[in-house]
Ligand SMILES: CC(C)(COP(=O)(O)OP(=O)(O)OC[C@H]1O[C@@H](n2cnc3c(N)ncnc32)[C@H](O)[C@@H]1OP(=O)(O)O)[C@@H](O)C(=O)NCCC(=O)NCCS
């Protein structure tokens with residue numbers, strides 16, 4: 001009989017149990033076990049499925065703003081063909097729904113290393129999740145990069161707090177191919193996440209915009225406080241003129257001036273325009289990971 005409990009408190013002890021059971025069965029522990037995970041933050045949804053009293057499957061999902069991100073999902077190998085993956089996915093989504101009845105609009109399950117086990121991948125697909133792969137690219141900031149001046153008619157400026165709403169509008173008009181359908185709300189949340197909590201929201205030139213002659217924001221790039229580039233967008237009416245390249249180049253310079261050695265960026269692997277742009281600025285792919293996403297609203 002399968003029982004599940006939804007208590008973040010229980011997750012830590014379950015984690016140890018799963019590690020012990022993996023060792024007893026000669027299975028490697030799930031790679032995510034080595035990642036630091038905080039268990040007691042508000043908005044964490046933890047699910048533990050037990051078979052005959054023993055932990056056999058577990059998930060941990062954070063629900064913040066309009067997004068739910070499952071950061072850990074594991075089913076012991078011996079139970080992968082018993083319908084347990086489906087139970088786990090179903091219970092997890094059920095709890096995400098009750099944790100945030102109106103939102104989230106998006107739930108993602110990620111495998112940061114390796115392929116998801118087949119039973120789990122098919123359970124996610126049966127629940128309506130769509131797979132896409134993300135590529136993670138890096139570049140050393142000491143290595144030279146092309147200095148691209150803004151094209152005529154455009155002005156390059158660091159993004160100030162009052163430009164954030166315009167930046168959300170650029171994102172809304174320029175969805176990333178292969179990504180989920182964005183709303184103005186999810187664009188704002190993505191910007192909020194990349195920004196500092198207090199003003200100035202993008203200090204030290206970490207976000208740069210290209211403005212047209214009438215003051216409209218045409219393209220921008222933004223890195224977060226860790227120096228990871230989070231957002232690169234050009235409005236469709238202004239593409240192919242080197243704007244994204246100029247904005248990202250300016251962000252890279254700002255990161256280098258801050259004393260950082262490296263920067264990274266994560267992109268949907270099938271996004272050829274972005275991949276070409278990043279490789280033209282010296283980014284190299286370091287790894288890929290699988291992501292399954294489901295668009296809401298779920299209520
Ligand atoms: C990707 C994107 C930001 C490029 O903006 P852009 O201002 O048109 O890009 P640039 O003009 O600066 O292009 C610089 C280089 O990128 C490459 N590139 C840009 N668009 C491309 C396309 N459609 N196909 C292939 N390569 C492309 C080219 O190598 C180009 O160099 P070139 O001008 O010497 O040919 C824009 O298409 C966009 O906003 N897409 C949707 C959002 C997105 O996918 N963002 C990235 C992930 S967050």
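Quick notes
- Gain upon complete extension [residue 132, residue 192; 0.36 nm per residue less C-alpha separation]: 19.2 nm
- Extension gain, residue 185 back to residue 24 (0.36 nm per residue minus Cα-Cα distance, nm): 53.3 nm
- Share of alpha-carbon pairs per 10 Å distance bin for the stretch 204-282, given as whole %: 19, 53, 26, 3
- Translational diffusion of the stretch 85-193, estimated by Stokes-Einstein from the Kirkwood radius over alpha carbon pairs at 25 °C in a medium of 0.890 mPa s, is 137 µm² per second.
- Likely footprinting exposure, 258, 284, fewest C-beta neighbours within 10 Å first: 284, 258
- Averaged over residues, the count of other Cβ atoms within 10 Å places the peptides 245-253, 161-169 in the sequence 245-253, 161-169, highest first.
- Simple label model, 7 Å out from Cα along Cβ direction - residue 140 to residue 260, nm: 1.7
- Calculated Rg and Dmax of the stretch 138-289 using C-alpha coordinates, Å: 14.2, 41
- If R0 is taken as 22 Å, the Cβ-Cβ distance between residue 272 and residue 125 corresponds to a FRET efficiency of 0.30.
- Mean-position separation - Cα centroids, the stretch 224-285 and the stretch 108-160, in angstrom: 10
- Shape analysis of the stretch 45-148 based on the Cα gyration tensor places the equivalent ellipsoid semi-axes at 31, 18, 12 Å, largest first.
- Neighbour-count order for 283, 67, 180, fewest beta carbons within 10 angstrom listed first: 180, 67, 283
- For the stretch 249-299, the convex hull drawn through the C-alpha positions has a volume of 138 cubic angstrom per residue.
Just so you know, all these numbers are worked out from the coordinates, no wet-lab data involved. Keep in mind the model is a prediction, meaning the values are calculated, not measured. We place every Cβ from the backbone using ideal geometry, glycine too, and count neighbours over all the protein chains shown.
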